[in-house]
Amino acid sequence: MLLIILLAAELFTNALEHLGEKLHISEGVTGSLFAALGTALPETLVPLLALFAGTKNANLNQEIGVGAILGAPLMLSTLSTCLMAVSILPKRGLRGHVSPERSGFLRDLHFFLFAFSVAALAMFVPQQWPYARQALGGLLVMIYLLYMVLTIRASKALVAEGNGTAADEKMFLSRIGLPCNGWTIMLQLSGGLALLVYGAEGFIDGIEGVSGLIGISALLLSLLIIPIATELPEKLNSILWIRRGKDTLAFGNITGAMVLQGTLLPAIGITLTPWQPRIEVLSGVLVTLLAVVWLRLNVRRQGLGVWALMVNGLLYLAYLLITLKR
């Protein structure tokens, strides 16, 4: 199922690049919205399918859902950014820099920090206050809609400055003789989405079996293992983009997915699960916020230092020590 998810994400993101080029939109929109939505589908679908169409064990479904929702931004903000730095270390060096488009990068970080802080505070709202929890969930949805509007609004100026999306590779369907037009782009997008749904459904069933075999809770497994698998599309695409010098696409893919995962997915968790501050959950939230604050503090005019991204990998190791020690 993991291989199916990876194949589906490749089909999806390849078509998204061509869609962005055809629509004449900026790399920021393509990375932060289109690519983020596309490559975030696996980790988006896993909690949704777990909660709405998972196993017969409702408690297991909730643990998988909460773990997948909170584990995704944890993985992206720590391990994924570190792996990007490692991939360019031989070429740029420890004192080198990565330079995503500054305004979009800062917008992503600011929106995520605010939204994820709201999601964290919602853990302390009692379940006996359903309307308060629903209001917080609704607030998170509104935050994401505002984020989309501001990101799209900034696109025209960025394209004029030379930050338009350009597809590096031919669309997969074009390689078998089909023309690259709106219909074939949508056909490839639809095929990738269908494969993602199929792979995510099978992945949930596999998690239930693995959890029983190795004797750890589905929540902890979901926090640690599911994101490694479901975040692979973001990791691989961002590593490929940053090695090609496309820093804006690489980081937009990561930070745009984080905004999605810090708003819409917690909104689902707040309204449909207990959403309680268990130690493994709360420690993951705090490490995630610390990692993003660290990125924000280290943004300079020339970009982010490669060494600063490496520190985020140490934060992930710290989280592993906290959770596995228990």
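The values are calculated or read from the model by the stated rules, or taken from the named source; none is laboratory data. Just so it is clear, the structure is predicted and the values come from calculations on it, not from any experiment. Don't worry about glycine lacking a Cβ; one is built from the backbone with ideal geometry, like all the others, and counts go over all protein chains shown.
Worth pointing out:
- Failed item in (1) closer than 30 Å to Gly245 by Cβ; (2) at pLDDT 90 or above, with Arg133 passing the rest: (1)
- Filtered by the rule that a residue be of a type outside the set (S, T, N, Q) and surrounded by fewer than 18 Cβ atoms within 10 Å (Cβ to Cβ), the stretch 273-293 gives Pro274, Pro277, Arg278, Ile279, Leu282, Leu286, Leu290, Val293.
- Unique residue being more than 22 Å from Leu295 (Cα to Cα), buried (at least 20 other Cβ atoms within 10 Å of the Cβ) and not aromatic (Phe, Trp, Tyr) when the list is Gly67, Gly104, Gly138: Gly67
- Looking across the stretch 136-173, the residues that are in a helix (DSSP H, G or I), in contact with a helix residue (DSSP H, G or I) (Cβ under 7 Å, 6 or more places away or on another chain) and either of a type in the set (Phe, Trp, Tyr) or modelled with pLDDT under 80 (or both) come down to Tyr144, Tyr147, Ile152, Ser155, Leu158, Phe172.
- Filtered by the rule that a residue be closer than 18 Å to Val149 by Cβ and small (Gly, Ala, Ser), the stretch 247-256 gives Gly252, Gly256.
- Restricting the stretch 294-310 to residues that are modelled with pLDDT under 90 and in a loop (DSSP other than H, G, I, E, B), the residue that is surrounded by the most Cβ atoms within 10 Å (Cβ to Cβ): Gln302
- In the stretch 242-253 there is at least one residue that is assigned to a helix (DSSP H, G or I), under 18 Å from the mean Cα position of the chain (by Cα), of a type in the set (Ser, Thr, Tyr) and buried (at least 18 other Cβ atoms within 10 Å of the Cβ).
- Selection status of Ala115, crowded, with 24+ Cβ neighbours inside 10 Å, at pLDDT 90 or above, part of a helix (DSSP H, G or I) and touching a Ser or Thr at 6+ places or on another chain (Cβ under 7 Å): yes
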